[in-house]
Amino acid sequence: MSTQNPILDSKCPTGDIETRWDRHRFDMKQVNPANKRKFHIIIVGTGLAGGSAAATLAELGYKVTSLCIQDSPRRAHSIAAQGGINAAKNYPNDGDSIYRLFYDTVKGGDFRARESNVYRLAQVSNNIIDQATAQGVPFAREYGGHMDNRSFGGAQVSRTFYARGATGQQLLLGAYAAMSRQIKLGKIDMRPRREMLDVVKVDGVARGVICRNMVTGEYERYAGDAVLLCTGGYGNVFYLSTNAKASNVTASWRAHKRGAFFANPCYTQIHPTCIPVSGDHQSKLTLMSESLRNDGRVWVPKQAGDSRPVNDIPESERDYYLERRYPAFGNLVPRDVASRASKERCDAGFGVGPGGKSVYLDFAEAIKRDGEDTVRAKYGNLFHMYEKITDENPYERPMRIYPAVHYTMGGLWVDYNLESTVPGLFVLGEANFSDHGANRLGASALMQGLSDGYFVIPYTVCGHLAGRNLQPVSTSDEAFAEAEASVRQRTDALLAVNGSRTVDDFHRELGLTMWDHCGMARTTEGLQTAIGKIGELREAFWNDVRVLGGNEEFNQSLEKAGRVADFLEFAEVFAKDALDRNESCGGHFREESQTEEGEALRDDENYCYAAAWEYQGADSDSALHKEDLKFEYVKLAQRSYK
Ligand SMILES: Cc1cc2nc3c(=O)[nH]c(=O)nc-3n(C[C@H](O)[C@H](O)[C@H](O)COP(=O)(O)OP(=O)(O)OC[C@H]3O[C@@H](n4cnc5c(N)ncnc54)[C@H](O)[C@@H]3O)c2cc1C
């Protein structure tokens, strides 16, 4: 069912884009400093989005409860981020500006993001670097002492700040240090090992959450004046991805069932440079940072099926296909473009390694030009990781890489204030759909998560707290009892199945279906097949899953079962969204819609919207709402990186 959008008010300011955020901040209601301590904010997730939000809001004086799955906030998935974070500082003086970062991001997202949000992101990017530096984040420096920048895909300037190949870790330690100060001061009540399983609404407004204590199995109720979901992305619906194993859709999906619309669920980023799948035993994939494409050159042999040892293939018989096809951007084309190009070469028989399912990423030229020590200084930890996993030395022979699921641009729909369709429920970081359109540029996720947490939510949450007449709530209210009962009932149901197949077995099968039909290339027929298979698998799961152990204990089998049950529901909306979007854009590639050269072909007349799905109950189809996207500054055009 499709309805024209009566309820998706983006609340984007109008007028000059340069002053929109300033004017919006001025127009918003404020909470005066003395009153801030009267408000209690619940923040789920302690990655870069949640950690930065918790630290900032507590510093401002709010009372904060922070919840996360891991045993420590600093073990959130953000810690895995490798390559860097973008900002428009223009330190290298190579032509960057806020406008260029804005332009690159709108174009990189294939014109499927809101201009107002993206412009704000570019504006705020510079504050993030200042904030992180003040916290002591050790960004790499060049010889003159300025922070160094490198290039990432989709940009012709160098704007990526980095801390070797561990930028996420260093940024997270910065946010964690800021959080720790507030924990010590008693402003943040930090609750690790809590899994949020429901949002509680009172009078239609989000006023709390229900969590399972993952150590004792107890159910806990948390009440507050606003709820912030900072729970990351759902790439693990594909089973194999570069995401942390604990990354999931549960928090978002449960919020969705309570009325938060899910936007663009089919927008998935498949990253071109990952270590290829090596067999059925694998439970996770490993990214080789995009930063490597600053110096590494991607190629395959010119001759299909060439099985010579890689170093025996002469220069003249190598096809540097990215440089050939996209001379202007070369190896630094955006991820969606690079991934599709790898797939095209491998499908055509030019791939290398087992099954011809990989391409080379070669540093020989960089090593010859700059010396091994220089290359080691820049990428040493990534090379080390590659060697540990593959037992091949990338200083001596090219890495082998292949695309893998990495990031999800879709997420809960939010307006310009980061508020979902449930009043009082805000969504930050990868969990929302806001700024990247149909394809995220490298090094922009950290920028968005920290922008949301440090610089956007501290303003926009005030509008809710000061503008709505919030009455006190208590965890003994009926709404909390009802939500807790429904969570308990779901856990009991999982434990009661007592079937014969493991949770992982179902998850793996779901992942294969998603990869085969909803992965790098999608077709009408494939998506219809996927929808059928997902439904069948969901039914099989509820009849035959075996969840070991019980509730009143630390039980990873139970945790995983809950998450896979949600993935099995969510996957269907994912596939339906992909089916509905009968165009190609960014990472969403419908084979039916491509240019003669095999590039994604958008259909702006019919699909220039953000799709927002509304849950209508287990037995009904979700309803599709459309938020029209308008481009006043960056002209809609066929993306080209040639
Ligand atoms: C290998 C890898 C490398 C990357 N490198 C880069 C890079 O160099 N630059 C870049 O910009 N981006 C990079 N990204 C993307 C980036 O790391 C993520 O998009 C970003 O860190 C997400 O941050 P987040 O705060 O939104 O979520 P996360 O860091 O995923 O944090 C989610 C938090 O939510 C909690 N949580 C989840 N569900 C629940 C629940 N139900 N109950 C309680 N808590 C819950 C978790 O415990 C965690 O604390 C990379 C991604 C990967 C996979």
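The values are calculated or read from the model by the stated rules, or taken from the named source; none is laboratory data. For clarity, every value in this text was computed on a predicted model and none was experimentally measured. Cβ atoms come from the backbone with ideal geometry, glycine included; neighbour counts cover every protein chain shown.
Checked against (1) of a type outside the set (F, W, Y); (2) touching a residue at least 12 places away in the same chain (Cβ under 8 Å); (3) loosely packed, with under 14 Cβ neighbours inside 10 Å; (4) closer than 29 Å to A404 by Cα, E536 meets all criteria but (2).
Of the residues that make up the stretch 141-156, is at least one within 16 Å of the ligand (Cβ to nearest atom), under 19 Å from the mean Cα position of the chain (by Cα), at pLDDT 95 or above and not small (G, A, S)? No: zero hits. Polar (S, T, N, Q), in a loop (DSSP other than H, G, I, E, B), within 16 Å of the ligand (Cβ to nearest atom) and surrounded by fewer than 22 Cβ atoms within 10 Å (Cβ to Cβ): does that describe Q303? No; evaluated as a whole, the condition is false for this residue.
Residues that are within 14 Å of the ligand (Cβ to nearest atom) and touching a strand residue (DSSP E or B) at 6+ places or on another chain (Cβ under 8 Å) do not occur anywhere in the stretch 102-124. The test for being touching a strand residue (DSSP E or B) at 6+ places or on another chain (Cβ under 9 Å), surrounded by 16 or more Cβ atoms within 10 Å (Cβ to Cβ), assigned to a helix (DSSP H, G or I) and not charged (D, E, K, R) holds for A561. Going by what's in this entry, would S72 be described as more than 8 Å from the ligand (Cβ to nearest atom), modelled with pLDDT of 95 or more, under 21 Å from M214 (Cβ atoms) and out of contact with any Phe, Trp or Tyr (no Cβ under 6 Å at 6 or more places or on another chain)? Against the criterion (more than 8 Å from the ligand (Cβ to nearest atom), modelled with pLDDT of 95 or more, under 21 Å from M214 (Cβ atoms) and out of contact with any Phe, Trp or Tyr (no Cβ under 6 Å at 6 or more places or on another chain)), S72 qualifies. Kindly indicate whether L548 is modelled with pLDDT of 95 or more and outside any helix (DSSP H, G or I). Criteria met by L548.
Between F574, F567, the distinction of being crowded, with 23+ Cβ neighbours inside 10 Å, closer than 30 Å to T216 by Cα, in contact with a Ser or Thr (Cβ under 9 Å, 6 or more places away or on another chain) and in contact (Cβ under 8 Å) with a residue 40 or more places away in the chain belongs to F567 only. Would you check if there is a residue in the stretch 442-451 being in contact (Cβ under 8 Å) with a residue 12 or more places away in the chain and either among the charged types (D, E, K, R) or surrounded by fewer than 24 Cβ atoms within 10 Å (Cβ to Cβ) (or both)? For the stretch 442-451, residues in contact (Cβ under 8 Å) with a residue 12 or more places away in the chain and either among the charged types (D, E, K, R) or surrounded by fewer than 24 Cβ atoms within 10 Å (Cβ to Cβ) (or both): absent. In the stretch 209-227, the qualifying residues are those that are part of a loop (DSSP other than H, G, I, E, B) and closer than 22 Å to T460 by Cα, and the one that is nearest to the ligand (Cβ to nearest atom) is G224. Is it the case, given these coordinates, that N236 is outside any loop (DSSP other than H, G, I, E, B) and farther than 25 Å from Y609 by Cα? When the stated conditions are applied, N236 passes them. Of the residues making up the stretch 160-195, just one is part of a loop (DSSP other than H, G, I, E, B), within 10 Å of the ligand (Cβ to nearest atom) and among the charged types (D, E, K, R), namely R193. Right, L425: free of Cβ contacts under 8 Å to residues at least 60 places away in the same chain and in contact with a strand residue (DSSP E or B) (Cβ under 6 Å, 6 or more places away or on another chain) or not? When the stated conditions are applied, L425 does not pass them. Only one entry of L537, L558 meets the criterion of being at pLDDT 95 or above and farther than 14 Å from A493 by Cα, and that entry is L537.
What number goes with the only condition from (1) hydroxyl-bearing (S, T, Y); (2) more than 23 Å from the chain's Cα centre (by Cα); (3) within 16 Å of the ligand (Cβ to nearest atom) that T133 does not pass? Of everything listed in (1) hydroxyl-bearing (S, T, Y); (2) more than 23 Å from the chain's Cα centre (by Cα); (3) within 16 Å of the ligand (Cβ to nearest atom), T133 misses just condition (3). Determine, yes or no, whether V473 is touching a Gly at 6+ places or on another chain (Cβ under 6 Å), in a loop (DSSP other than H, G, I, E, B) and over 16 Å from V118 (Cβ atoms). Judged against the criteria, V473 is not a match.
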